[in-house]
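Everything below concerns the one structure shown next.
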Amino acid sequence: MEALLVSTGVVALAEIGDKTQLLAFILAARFKRPWPIIWGILAATLLNHALAGAVGAWLTSLVSPQVLRWVLGLSFIAMAAWTLVPDKMDDDDSDARSAQRLGVFGATFVAFFLAEMGDKTQIATVAMAARYAEAFLVVAGTTLGMMLANVPAVLIGDKLAHKLPIRLVHGIAALIFAVLGVATLLGAGASLGF
């Protein structure tokens, strides 16, 4: 249960102000069709995070527990620093062209899947799947966290973005990543074998 809750909370906080949340705002403003956008976000996130969870689970079988502890601890600390850097999105017309070819769901799916490649939430999914060794719960949690952050962005749009203290939310997410990193380095995962 810890894997699910931590994954949900960390990703939901890290996602606020992230480029994929900005993408959700842009798609909602352009297409004005929330449900195909929400379903596209869900499908893209499930596929992307399932792949990331599989990589995290695979990493645990590749390296020794001691090496894994250091890699994960330092990765969480790096994620804390990265979370403090706000994302920006280029505003171009490629989303509108994609929607004409793929429909709103397809354009959202492709845009979100590609935007998540190498994103901090994807890397966090890899690290948490390796940390908790419960890839299914981690993927469920990170997907839920993405949806908690992005569904309101789609439904409410720009009105919500200006009311959230983005720096504070990023600071809280960074603190959680830093605590996970330090705890991992200090041996908090000993019961899990690392």
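The values are calculated or read from the model by the stated rules, or taken from the named source; none is laboratory data. A quick note: this is a predicted structure, and the numbers were derived from the prediction, not measured. Note that each Cβ is placed from the backbone with ideal geometry, even for glycine, and that neighbours are counted across all protein chains shown. When the accessible area is computed, the model is the full protein with side chains, heavy atoms only, and any ligands, DNA or RNA have been set aside. Shrake-Rupley method; radii C 1.70, N 1.55, O 1.52, S 1.80 Å.
Numbers below:
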| read-out | value |
| --- | --- |
| Condition check for Ala173: modelled with pLDDT under 75, within 20 Å of Val71 (Cα to Cα) and open to solvent by 30 Å² or more (accessible area, probe 1.4 Å) | no |
| Thr45 under 20 Å from Trp82 (Cβ atoms) and either out of contact with any Phe, Trp or Tyr (no Cβ under 6 Å at 6 or more places or on another chain) or at pLDDT 85 or above (or both) | yes |
